[in-house]
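*Asks:* Would you mind keeping the following structure in view while I ask a few things?
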Amino acid sequence: MEEKLEQLRAWLSESRYAVFFGGAGVSTESGIPDFRSTDGLYNQRYDYPPETILSHTFYEARPEEFFRFYREKMLFPDAQPNAAHRKLAQWEKEGWLKAVITQNIDGLHQAAGSREVLELHGSVLRNYCEKCRAFHSLGDILESKGVPRCKRCGGRVKPDVVLYEEGLDTDLLGRAVDHLHRADTLIVGGTSLAVYPAAGLIRYYTGSRLILINKTPTPYDSSADLVISGAIGEIFSRL
């Protein structure tokens, strides 16, 4: 492990345009469960599978059930950034980490101080009335009962998160691809690279060093220049 960390330190010191691509594993050390691990969200039992509940069809057909699940299992208002979030913010401040591309919706990268954060799947911190587009905070959702309603017009308030069956923001994807094209180093952490189309973005990376940090193997391990197995917060705290 120490030899791999030493190699990572050396490469990071040489990098001029690094990009980080992360998933749920980045936030597990902040107390937010991931989706596909042994204790993850997809391995718990509900009346409907999480993939079904978190779909656009279910949201439209059974909004009360959607929001009950959403409040209970998707919102963690007391979560705080961990060592991984803080280290990434530090690297951005130092000028050579240019962007964080994340599949997470918890806002912890920004809470740690990162500025160029591309949230592919949206954020629980943003919520909008479907009728008048008025903004509503996470607190508004937590304080509401049943289906949250707009205080201005009474319309339904939808979280600004990408549900199954919904497409990713094309402008955001374009920015992500641009960063990946320009990067000389890509660090992928806390993701199994199993969720598409987001995971497919790393195919746009054409730089010289691909670094994978994850607890379990990924489909890209064989093509990576460095693979480190473990909890990303713990690993980043040693850099």
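The values are calculated or read from the model by the stated rules, or taken from the named source; none is laboratory data. Fair warning: this is a prediction, and the values are worked out from it, not measured in the lab. Cβ coordinates were reconstructed from backbone atoms using ideal geometry, including for glycine residues, and neighbour counts include every protein chain displayed. Heads up: the accessible areas ignore ligands, DNA and RNA and are worked out on the full protein's heavy atoms, side chains in. Shrake-Rupley method; radii C 1.70, N 1.55, O 1.52, S 1.80 Å.
*Asks:* Please indicate, with yes or no, whether at least one residue in region 179-196 is aromatic (Phe, Trp, Tyr), closer than 29 Å to THR52 by Cβ and either open to solvent by 80 Å² or more (accessible area, probe 1.4 Å) or part of a loop (DSSP other than H, G, I, E, B) (or both).
*Replies:* Within region 179-196, one or more residues are aromatic (Phe, Trp, Tyr), closer than 29 Å to THR52 by Cβ and either open to solvent by 80 Å² or more (accessible area, probe 1.4 Å) or part of a loop (DSSP other than H, G, I, E, B) (or both).
*Asks:* Is there any pair with a first residue in region 111-126 that is within 19 Å of SER30 (Cβ to Cβ) and free of Cβ contacts under 8 Å to residues at least 40 places away in the same chain and a second that is aliphatic (A, V, I, L, M) and surrounded by fewer than 20 Cβ atoms within 10 Å (Cβ to Cβ) whose Cβ atoms are under 8 Å apart and which are 6 or more apart or on different chains, and what are they?
*Replies:* SER123/VAL161; LEU125/LEU138
*Asks:* Can you tell me which residues in region 132-168 are assigned to a strand (DSSP E or B) and under 20 Å from PHE58 (Cα atoms)? Break it down stepwise before answering.
*Replies:* Here is the first cut: in region 132-168, the residues assigned to a strand (DSSP E or B) are 135-136, 149, 156-161, 164.
Within region 132-168, ARG149, ARG156, VAL157, LYS158, PRO159, ASP160, VAL161, TYR164 meet the criteria.
*Asks:* Something else: Can you name every residue in region 132-157 that is crowded, with 18+ Cβ neighbours inside 10 Å, touching a residue at least 60 places away in the same chain (Cβ under 8 Å) and farther than 17 Å from GLY107 by Cβ?
*Replies:* PRO148
*Asks:* Do any residues in region 10-28 that are closer than 16 Å to SER192 by Cβ have Cβ atoms under 9 Å from those of residues that are open to solvent by 10 Å² or more (accessible area, probe 1.4 Å) and of a type in the set (Lys, Arg), where the two are at least six apart or on different chains, and which pairs are they?
*Replies:* As it stands, the answer is ALA24/ARG36; GLY25/LYS215; THR28/LYS215, since those pairs meet every condition given.
*Asks:* Scan region 1-27 for residues that are of a type in the set (S, T, N, Q) and open to solvent by 40 Å² or more (accessible area, probe 1.4 Å) and jot them down.
*Replies:* GLN7, SER13
*Asks:* Okay, next question. Can you tell me which residue within region 204-233, out of those that are open to solvent by less than 20 Å² (accessible area, probe 1.4 Å) and part of a helix (DSSP H, G or I), is nearest to HIS179 (Cα to Cα)?
*Replies:* Checking each candidate, the answer is ILE232.
*Asks:* Output yes when any residue across region 177-188 is under 23 Å from PRO219 (Cα atoms), out of contact with any Gly (no Cβ under 9 Å at 6 or more places or on another chain), touching a residue at least 40 places away in the same chain (Cβ under 8 Å) and of a type in the set (Gly, Ala, Ser), and no when none is.
*Replies:* So far as region 177-188 goes, no, none of its residues is under 23 Å from PRO219 (Cα atoms), out of contact with any Gly (no Cβ under 9 Å at 6 or more places or on another chain), touching a residue at least 40 places away in the same chain (Cβ under 8 Å) and of a type in the set (Gly, Ala, Ser).
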